[in-house]
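Okay, so here's the structure we're looking at.
Coordinate-derived values only; no laboratory data. Here the structure is a predicted model, which means the values were calculated and not measured. Positions of Cβ are generated from backbone atoms using ideal geometry, with glycine treated the same way; all protein chains shown enter the neighbour counts.
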Amino acid sequence: MEYTNFNNLPEKKKIAIINAGFSCFGEHGYKKTGVAEIAEMAGISKAAVFYYFGSKKELFFYLFDYIHDILMKETTEGTEDFIESWKIAMYARHRIAKTYSGFYTFLRMISRKKDFDQFPELWDVVTKNNEIIFEKLFKNVDWNCLNEACSRELVMNIMGWISEGLMNMLSGEESEDEILKREEQYYRVMKKAFYKPEYLECMEERKNEIRNVQ
């Protein structure tokens, strides 16, 4: 579907509508979210929502496409270091959340597959989109950095669980700065848990070389 009427709106108004969709769908799921609720939060009429998107379902699907597009735009190509590459994605999310306060609430709804029984094809979309982003992030990773106890699948799962926990905190009342400090602590611990000692030593040597040059 073309969203010409919506795309022609001023940027500030588009952000308000998208954020309202993120917040309302994220908080209540598809079934319990009404168009009137989204319209009220966005500061527009219910009729305007239908004018821009045609239906509640089309708006819901638009938000899934939009969230993928903006994550692809904000996520740069990763490095050979797995956790540093993972951090690129996390910091991209934080930047997006500064514009859209309902962003993490919507991501949390996706991770819990809330109301996905109504649109089972959406999980296929989410899975495919994640694969595209992960390919961009991890194409340069040197997986030989992992110690014998850690497989690629294991570390991806653990980092995913950590990210989900952080999402829950970021959609709550804790300050973002405090959560980001804790996030950095998690990453330092995970490096020691995942990486071979010689890889960690090599990383430290590189840091020292950079400091000496500066």
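The figures follow:
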{"item": "Phi-based couplings in Hz for region 152-165 (Karplus 6.51, -1.76, 1.60; Gly and Pro marked x)", "result": "4, 4, 4, 5, 5, 5, 4, 5, x, 5, 4, 4, 5, x"}
{"item": "Of Lys13/Lys114; Lys56/Lys98; Lys56/Lys114, those spanning more than 20 Å from alpha-carbon to alpha-carbon", "result": "Lys13/Lys114; Lys56/Lys98"}
{"item": "For region 73-174: Kirkwood Rh in Å [reciprocal of mean 1/r, alpha carbons]", "result": "14.9"}
{"item": "Residue exposure sequence - Thr33, Thr76, Thr4 - by fewest surrounding Cβ within 10 Å", "result": "Thr4, Thr76, Thr33"}
{"item": "Three principal axis lengths of region 1-45 [C-alpha, angstrom, descending]", "result": "29, 23, 16"}
{"item": "Magnitude of the charge dipole, the chain, Cβ model with Lys/Arg +1 and Asp/Glu -1, debye to 20", "result": "560"}
{"item": "Hits among aspartates and glutamates - C-alpha to C-alpha of Lys181 under 16 Å, sequence gap 8 or more where chains match", "result": "Glu84, Glu173"}
{"item": "Shape of region 80-130, Cα gyration tensor, a/c cut at 1.5", "result": "oblate"}
{"item": "Column: log10 I(q)/I(0), Debye, Cα scatterers of region 40-132, q = 0.15 Å⁻¹", "result": "-0.71"}
{"item": "From the C-alpha gyration tensor of region 4-206, square roots of 5λ in Å", "result": "36, 16, 15"}
{"item": "Surface/4 estimate of mean projected area, convex hull on alpha-carbon atoms of region 138-199, nm²", "result": "4.8"}
{"item": "Sorted largest first, extent of region 1-92 alpha carbons per principal axis (Å)", "result": "50, 28, 22"}
{"item": "Residues with amide H under 5 Å from that of Tyr195, placed H, sequence gap 5 or more", "result": "Asn147"}
{"item": "Sites Asp117 and Tyr51 - FRET efficiency at Förster radius 25 Å, r taken between beta-carbons, to 0.05", "result": "0.30"}
{"item": "Rel. contact order, % - alpha carbon contacts under 8 angstrom, at least six apart, the chain", "result": "22"}
{"item": "3J(HN,Hα) from dihedral phi, region 120-129, Karplus parametrisation 6.51/-1.76/1.60, rounded to Hz, x for glycine, proline", "result": "x, 5, 5, 5, 5, 5, 4, 4, 5, 5"}
{"item": "Positive-end residue, the chain charge dipole about Cα centroid, Cβ charges, pick of Gly43, Ile158, Ile132", "result": "Gly43"}
{"item": "Paramagnetic reach from Ser175 in region 79-98 [backbone N under 12 Å; point 7 Å along Cα→Cβ]", "result": "none"}
